[in-house]
Each structure stands twice: as structure tokens, then as C-alpha cells.
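S.K.: First the structure, then my questions, so here it is.
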Amino acid sequence: MNYYLDSEGVARASLPLELNLLKNFLEEDLQGSTGLCQEIQQRLQVLQRQGEGDSEITGNAHHLRLNTERVQIEPLYSKSAPLELETELFREVIASWEALLRSQ
């Protein structure tokens, strides 16, 4: 997975095709928002401390469902199937995206 700033300084992700929905979530919902990255990380920490439960966020183009084991990304405006990821992998992606944004 590769995260970078394009020639216009916009955050972009280069991910395997099967993770295209994750790429779209990063670029269309998180965009340049470190605040939203932090909110997601905080929600994941709360879920981890509780040991159970769910949390949901609706963004510009996707709906995000979080729990202690899995994260689901569902597109709001396309008929693409939702993407499920392990929570730990998603946490690492969000941390990497936030680090990219803070490097600007």
C-alpha cells in the first residue's frame, strides 16, 4: 500500500484493486482531514476498551461500520459490494493516512 501527495498536493492512495473501495474512502471521505482520522482512531480505541459494540460514521460517499474485529465500508452512491477488513489493518491504514496528511 502506498500513500502519497499528487502534483497538486492532494492525498492519494495506491492500493490493490480488491481494496479500491478503501482507496475511495480515503480519497473521498477522509480527504485531507486529520480530525476525521483522529475521530476514527478514538472510536476504535473506545471499542477496544469496551471489548464489544459497534460504531458508525457516514461520510461524503461511504458509510463506515466499526467493531472490535471487522470494519465495513459501504458505498452510498454506487452498487458496489461493501468491503470488510480486519480492524487492525484498518487502524494501520488510517494511521498511515494521517501521517501522510501531517507531513504536508
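We did not get these values from a lab; they are worked out from the coordinates using the rules stated. In this text the structure is predicted, and so the values were computed from the model without any measurement. Please note: Cβ atoms are built from the backbone with ideal geometry, for glycine as well, and neighbour counts cover all protein chains shown.
S.K.: If you line up the long axis of helix 34-50 against the longest principal axis of the chain, both from Cα atoms, how many degrees apart are they, to the nearest 10?
M.R.: 20
S.K.: So, one more: Show me the trypsin sites (Lys or Arg not before Pro) within segment 51-104 that DSSP assigns to loop and that have at most 12 other Cβ atoms within 10 Å of their Cβ. Walk me through the numbers on the way to the answer.
M.R.: Details: sites: ARG65, ARG70, LYS79, ARG91, ARG102; in loops: LYS79.
Taking segment 51-104 and a limit of 12 other Cβ atoms within 10 Å, the loop trypsin sites (Lys or Arg not before Pro) found are LYS79.
S.K.: I want the local charge near GLY53. Using Cβ-Cβ distances under 15 Å, sum +1 for each Lys or Arg and -1 for each Asp or Glu among the other residues. Intermediate values should be presented prior to the final figure.
M.R.: Numbers: positive: ARG43, ARG49, ARG65, ARG70; negative: GLU52, ASP54, GLU56, GLU69.
Surrounding charge for GLY53 is 0.
S.K.: What whole-number distance in Å separates the alpha-carbon centres of segment 68-104 and segment 1-53?
M.R.: What the calculation gives is 5 Å, centre to centre.
S.K.: Please go through segment 68-104 and write out the GluC sites (Glu not before Pro) that DSSP classes as loop and that have at most 11 other C-beta atoms within 10 Å. Present the calculation step by step, with values, prior to reporting the outcome.
M.R.: Values: sites: GLU69, GLU84, GLU86, GLU88, GLU92, GLU98; in loops: GLU69.
Taking segment 68-104 and a limit of 11 other Cβ atoms within 10 Å, the loop GluC sites (Glu not before Pro) found are GLU69.
S.K.: Can I ask one more? How much length would be gained if the chain were fully extended between SER96 and GLU28, taking 0.36 nm per residue of separation minus their Cα-Cα distance, in nm to one decimal?
M.R.: Working: separation 68, 0.36 × 68 = 24.48 nm, distance 1.62 nm.
Length difference between fully extended and current span is 22.9 nm.
S.K.: If you don't mind, another one. Once Lys and Arg get +1 and Asp and Glu get -1 on their Cβ, which of ILE57, GLN42, ALA81 lies farthest toward the positive end of the dipole of the chain?
M.R.: Farthest towards the positive pole: GLN42.
S.K.: Tally Lys and Arg at +1 and Asp and Glu at -1 over the other residues with C-beta under 9 Å from the C-beta of LEU83: what net charge comes out?
M.R.: On the way: positive: none; negative: GLU18, GLU74, GLU84.
Around LEU83, the charge tally is -3.
S.K.: Additional query: Using the Karplus equation 6.51 cos²θ - 1.76 cosθ + 1.60 (θ = phi - 60°), what ³J(HN,Hα) coupling, rounded to whole Hz, does each residue of segment 20-27 give in order, writing x for Gly and Pro?
M.R.: 3J(HN,Hα) across segment 20-27, in whole Hz: 4, 5, 5, 4, 5, 4, 4, 7.
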